[in-house]
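Structure record follows, encoded as structure tokens.
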Amino acid sequence: MSKNVSLEDIVSLAKRRGFVYQGSEVYGGLSGTWDYGPLGVVLKRNIMNLWWKMFVESRDDMYGVDAAILMNQKVWQASGHVDTFSDPLIDCRACNSRYRADHLLKDNVAKVWDFIEDTRKDYLEASKVYMPDAHWEDPDSVISPFISDATELPELLNAKISCPNCGKKDWGELRQFNMMFKTSIGPVADENSISYLRPETAQGIFTNFKNVVDSFYPDLPFGIGQQGKAFRNEISPRDFVFRSREFEQMEIEYFVHPDQWEKSFEMWRKLVWDWCEALGLPKGMVHELEVPENDRAHYSKRTIDFEFDFPIGKEELLGLAYRTDFDLSNIQRVSGKSMEYRPKGGGEAFVPHVIEPSFGLERAIMAVLTAAYTEDEVNDEKRVYLKLPVHLAPVKVAVSPLLKNKPELVEKARGVYSILKKEFGSVMWDDNGNIGKRYRRQDEIGTPYCVVIDFDTLENDTVTVRDRDTTEQTRVAISQLQAILQKER
Ligand code: ATP
């Protein structure tokens, strides 16, 4: 189920209303980086806090950590990132433009099919045998054999696909490009000083597994959650915040007995759906993709990508993977320290296996904005509003005096404003322009309620409360206002 909203609609609203700006915009920008404005930062925190509350604070089997972004280089050697965390890169030799090869093929999947039919009559059947689990309606399954084959890819590209920049078909060789940002620690830059900006938050959890067990000795299964920045030198960052070079992840490693992984996997699968519901994402816009074996990360025995109908198409919102004991065993091997868990009631110690739900904050924000973006008509005029769930809205209530040049109205309104501000925090004072304009502005940023103080207020201590979604106004006593808004929260 896709929604009739374009990426441009979302990007322009986000910029106009102070949600998200291009990073370093004043100097011409820095590709793949984004700055959150006054409303964006609140929306972002509301989402992060909701996640923390739902998955850490409210559960007895979860612990939180906040690990350093810079880590010992051995972390990334042991995890395999130094050797294999790369994307396929291809150059156009005519104009030197660079592309992520899989994206280029995905954008031209019909031409990939043409190539298969023209030149590889037996290819499809053979591939079906080779990859019986593949979903042939899924473009990733069609293109992935070419991405892993360094000779076939240029042949396919040179036969069928033109450079999106210059229109020529003059492709170079397929190369692997490591996406980690390398840096060095301290004044002397040598082999020992190498470090990386972490490309995922997960390793900060694995490296603290033993610490948490030693401090708390939790029963298995239990999980550790972490939120924080991750950095990937994406070859071509694109589609607004969807593919950024610096972004925020919210990850959980849920440690289980190897015999019990399926039960925990199903539990997290259900919790992911609860999360999507709490974000206000319609069920019909979220899809599970069972990732076929040859498309999964090498350590994963099962992965479900949760996809969302973004304005750019159906794309990954978050992932749920069974990572086996890959990470803990690697840490044990490279560090020489035991990562075994000793069951409380006796029994043999073992290295726990892991279920990993991995959430990306930027993609959650983009999904929330897409789902909330709504157009309708009010008094024969087009209206744009964000139908955000109340608990995510950056501003909960806007308070206005009907006229800003009547001191008695302003004074009364200031009184109501400070009562609500104390109670709800995110309350906005708005006396700019006429009342209709204020409503439109608040609608566009998703404010659920607008409270207006007028001349009747001075007589009988009542105010109007206007509902964002229905545009209906009701008169309520100031003394009841907190209770009414509290109920809706
Ligand atoms: P993709 O295939 O789209 O590059 P991925 O499978 O590499 O994503 P993971 O490594 O599974 O992504 O990361 C977990 C989550 O982190 C993703 O589901 C996504 O929400 C988020 N994420 C990953 N890369 C980016 C990025 N460059 N920009 C924004 N969010 C990202």
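The values are calculated or read from the model by the stated rules, or taken from the named source; none is laboratory data. All values derive from a computational prediction rather than experimental measurement. Every residue, glycine among them, receives a Cβ derived from its backbone with ideal geometry; neighbour counts consider all protein chains shown. Calculation scope for accessible area: heavy atoms of the full protein, side chains included, ligands and nucleic acids excluded. Shrake-Rupley method; radii C 1.70, N 1.55, O 1.52, S 1.80 Å.
Of the numbered criteria (1) away from the ligand (no atom under 16 Å from the Cβ); (2) assigned to a strand (DSSP E or B), the one Pro154 fails is (2). Here Trp171 clears all of (1) out of contact with any Ser or Thr (no Cβ under 6 Å at 6 or more places or on another chain); (2) over 28 Å from Ser338 (Cβ atoms); (3) among the hydrophobic types (A, V, I, L, M, F, W, C); (4) within 16 Å of the ligand (Cβ to nearest atom) except the condition numbered (4).
Would you pick out the residues in the stretch 49-77 that are of a type in the set (Val, Ile, Thr) and more than 26 Å from Arg333 (Cα to Cα)? The answer is Val56, and nothing else. Among the residues of the stretch 208-223, are any within 15 Å of the ligand (Cβ to nearest atom) and either in a strand (DSSP E or B) or within 19 Å of the chain's Cα centre (by Cα) (or both)? No; the residues of the stretch 208-223 include none that is within 15 Å of the ligand (Cβ to nearest atom) and either in a strand (DSSP E or B) or within 19 Å of the chain's Cα centre (by Cα) (or both). Selection of the stretch 346-371 for residues being over 18 Å from Gly225 (Cα atoms), among the β-branched types (Val, Ile, Thr) and in contact with a Lys or Arg (Cβ under 9 Å, 6 or more places away or on another chain) yields Ile365, Thr370.
Within the group Glu307, Glu315, which residue is closer than 19 Å to Ser6 by Cα, within 10 Å of the ligand (Cβ to nearest atom) and open to solvent by less than 40 Å² (accessible area, probe 1.4 Å)?
Being closer than 19 Å to Ser6 by Cα, within 10 Å of the ligand (Cβ to nearest atom) and open to solvent by less than 40 Å² (accessible area, probe 1.4 Å) holds for just one of Glu307, Glu315, which is Glu307.
Taking the stretch 361-453 and the helices (runs of 4 or more DSSP H) fully enclosed by it, the elements with 3 or more residues that are crowded, with 23+ Cβ neighbours inside 10 Å and in contact (Cβ under 8 Å) with a residue 60 or more places away in the chain are at 361-372.
You will find that of Val20, Val75, Val26, Val42, the residue that is out of contact with any strand residue (DSSP E or B) (no Cβ under 7 Å at 6 or more places or on another chain), closer than 18 Å to Pro394 by Cα and modelled with pLDDT of 95 or more is Val42 and no other. Taken over the stretch 233-267, the criterion of being hydrophobic (A, V, I, L, M, F, W, C) and within 17 Å of the chain's Cα centre (by Cα) is satisfied by Phe240, Val241, Phe242, Phe247, Met250, Ile252. Scanning the stretch 8-55 for residues that are over 19 Å from Gly228 (Cα atoms) and touching a Lys or Arg at 6+ places or on another chain (Cβ under 7 Å), we see that the one that is surrounded by the fewest Cβ atoms within 10 Å (Cβ to Cβ) is Tyr21. Return a yes/no flag: does the stretch 480-487 have any residue that is under 25 Å from Cys276 (Cα atoms), among the aliphatic types (A, V, I, L, M) and in contact (Cβ under 8 Å) with a residue 40 or more places away in the chain. So far as the stretch 480-487 goes, yes, one or more of its residues are under 25 Å from Cys276 (Cα atoms), among the aliphatic types (A, V, I, L, M) and in contact (Cβ under 8 Å) with a residue 40 or more places away in the chain.
I'm trying to understand the selection: among the residues of the stretch 333-360, which are among the aromatic types (Phe, Trp, Tyr) and either free of Cβ contacts under 8 Å to residues at least 24 places away in the same chain or within 14 Å of the ligand (Cβ to nearest atom) (or both)? Selection gives Phe359 alone. Considering only residues that are part of a loop (DSSP other than H, G, I, E, B), in contact with a helix residue (DSSP H, G or I) (Cβ under 7 Å, 6 or more places away or on another chain) and either open to solvent by less than 20 Å² (accessible area, probe 1.4 Å) or near the ligand (Cβ under 10 Å from one of its atoms) (or both), which ones fall in the stretch 228-259? Asp239, Ser244 - these are the residues of the stretch 228-259 that are part of a loop (DSSP other than H, G, I, E, B), in contact with a helix residue (DSSP H, G or I) (Cβ under 7 Å, 6 or more places away or on another chain) and either open to solvent by less than 20 Å² (accessible area, probe 1.4 Å) or near the ligand (Cβ under 10 Å from one of its atoms) (or both). Scanning the stretch 54-97 for residues that are in a strand (DSSP E or B) and of a type in the set (Phe, Trp, Tyr) returns a single hit, Tyr63. The single condition among (1) away from the ligand (no atom under 13 Å from the Cβ); (2) farther than 12 Å from Tyr322 by Cα; (3) open to solvent by less than 20 Å² (accessible area, probe 1.4 Å) that Val272 does not meet is (1).
Do you know which residues across the stretch 361-385 are away from the ligand (no atom under 16 Å from the Cβ), at negative phi and of a type in the set (D, E, K, R)? Listed by number, the residues that qualify are Glu375, Asp376, Glu377, Glu381, Lys382, Arg383.
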